1. Can you tell me which residues in the range 108-127 are surrounded by 11 or more Cβ atoms within 10 Å (Cβ to Cβ) and of a type in the set (Ser, Thr, Tyr)?
2. If the Cβ limit is 7 Å and pairs must be 6+ apart or interchain, which residue in the range 212-232 that is at negative phi pairs with which residue that is crowded, with 18+ Cβ neighbours inside 10 Å and of a type in the set (Phe, Trp, Tyr)?
3. What is the residue count in the range 175-193 for residues that are over 15 Å from the mean Cα position of the chain (by Cα) and buried (at least 16 other Cβ atoms within 10 Å of the Cβ)?
4. Considering only residues that are touching a helix residue (DSSP H, G or I) at 6+ places or on another chain (Cβ under 7 Å) and either closer than 25 Å to GLY69 by Cα or at pLDDT 95 or above (or both), which ones fall in the range 217-249?
5. Tell me, please, whether a residue that is under 27 Å from GLU29 (Cα atoms) and crowded, with 17+ Cβ neighbours inside 10 Å can be found in the range 296-303.
6. Would you point out the residue of the range 233-282, among those that are out of contact with any strand residue (DSSP E or B) (no Cβ under 7 Å at 6 or more places or on another chain), touching a residue at least 60 places away in the same chain (Cβ under 8 Å) and under 28 Å from PHE169 (Cβ atoms), that is surrounded by the fewest Cβ atoms within 10 Å (Cβ to Cβ)?
7. Could you please let me know if LYS218 is under 30 Å from ALA78 (Cα atoms) and of a type outside the set (Gly, Ala, Ser)?
8. Strands (runs of 3 or more DSSP E) wholly in the range 101-183 with at least 2 residues that are within 21 Å of LEU71 (Cα to Cα) - which ones?
Amino acid sequence: TSISRSRALLQDSVTLEILSANVTDGILEVKLKLTNNSGHKTPTSYPSRRMWLNFKVIDSSSDIIFESGALNADGSIAEADNDRDQSQIEPHHDLISSSSQVQIYEAMMGNTDNATTYTLLRAAKYLKDNRLTPKGFDKISVPAKVAVYGDANHDDNFNLGSDEVIYRFPVSADEELTVNVALNYQTIMHGFIQDLYQDNHLQEVNSFLAMYQQQNLKHENIASLQTTITDTDKDGTDNSIDIDDDNDGLSDDDEINIHGTSPTLVDSDNDAMSDGYEVANALDPLNNDAFLDKDGDGFSNLEEFEAGTAANDENDFPSSGAWRSVLPFILNQ
């Protein structure tokens, strides 16, 4: 059908990629890239059209902990400046650190007074034009009539048919975070709809608004992606860049290649002592030796672990007064 062909054409117009996604010291950072596959600016044609990114992060309890670009039932985008106040314009973003920021690709018209307008006959210029440029389109050298306008003109990675956007914000320690990204499209943005209400005394306008309000589908999806970020030890650094996923004091590489212990389990042999403590005190991290007395000082290995004394030093025991911490960690229960 014509609808299915139009959707296929729309979905082929832009490629969405997740270049990286990680958590470091409690800061989530996700880098996205959009590439224009068409031979013209996207979205193209009449300036009521727009694309935007809906970026959402869900924790291991299925709660949404961050969302930018959610779509409201009336077709407006949550927190978008222009959808809350039609005289304002949502700026182009290279970095998004708050849910109040939304990346919207659009052409916003201005009149001779530099005010936003939604009427072609009143348009004198673009106040914002960050539509994705076609491949080979160099914003630095193109004529003014097809130039990029607004903050995108100062975004170094917005050029030659692509754009990169970074989402960066603090997150609470969690074992797993799911990142959902959607690139959405509207034929008619919320501001144009609101502008029509100025002429709602006309039957034609009222008829159109009535049909629009009854339509549940107020956007089309161009592309959607999902990725999962895992932080097994909940130390605020995800597994992909964490050299010690289980935070037991041994690097993942040493656990796998030297000790044979699990890089994702604090206590591989389940004897209530961490792998790092056992290795540091010449115990066996692969077999339960909790109730043995390695140094013969009358205290079991487990008692020494719980006291923070050395299980392989007979002069360092719980009642010796040393009470020193052998390793900078304790067993996570």
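The values are calculated or read from the model by the stated rules, or taken from the named source; none is laboratory data. Since this is a predicted model, take the numbers as computed values, not measurements. Reconstructed Cβ throughout: ideal geometry from the backbone, glycine too, with neighbour counts over all protein chains shown.
1. From the range 108-127, those surrounded by 11 or more Cβ atoms within 10 Å (Cβ to Cβ) are 108-111, 115-119, 122-127; that's our starting set.
Answer for the range 108-127, where residues must be surrounded by 11 or more Cβ atoms within 10 Å (Cβ to Cβ) and of a type in the set (Ser, Thr, Tyr): THR116, THR117, TYR118, THR119, TYR126.
2. HIS219/TYR185; GLU220/TYR185; ILE222/TYR185
3. We begin by selecting, within the range 175-193, every residue over 15 Å from the mean Cα position of the chain (by Cα); these are 175, 184-193.
Now narrow it down to the ones that are buried (at least 16 other Cβ atoms within 10 Å of the Cβ): 184-186, 188-193.
Looking only at that region, the number is 9.
4. Here is the first cut: in the range 217-249, the ones touching a helix residue (DSSP H, G or I) at 6+ places or on another chain (Cβ under 7 Å) are 220, 222-223, 243-245, 248-249.
GLU220, ILE222, ALA223 - these are the residues of the range 217-249 that are touching a helix residue (DSSP H, G or I) at 6+ places or on another chain (Cβ under 7 Å) and either closer than 25 Å to GLY69 by Cα or at pLDDT 95 or above (or both).
5. The initial filter retains those residues of the range 296-303 that are under 27 Å from GLU29 (Cα atoms), namely none.
No, every residue in the range 296-303 fails to be under 27 Å from GLU29 (Cα atoms) and crowded, with 17+ Cβ neighbours inside 10 Å.
6. If we filter the range 233-282 for residues that are out of contact with any strand residue (DSSP E or B) (no Cβ under 7 Å at 6 or more places or on another chain), which is where we start, we get 233-235, 242-282.
From what is left, the residues that are touching a residue at least 60 places away in the same chain (Cβ under 8 Å) are 233-235, 247-249, 266-267.
After this cut, where a residue has to be under 28 Å from PHE169 (Cβ atoms) as well, the list is 233-235, 247.
On the way: ASP233: 19, LYS234: 14, ASP235: 17, ASN247: 18.
Result: LYS234.
7. Values: under 30 Å from ALA78 (Cα atoms): yes; of a type outside the set (Gly, Ala, Ser): yes.
Answer is yes for this residue.
8. Numbers: elements: 104-110, 125-129, 162-170.
Hits in the range 101-183: 104-110, 162-170.
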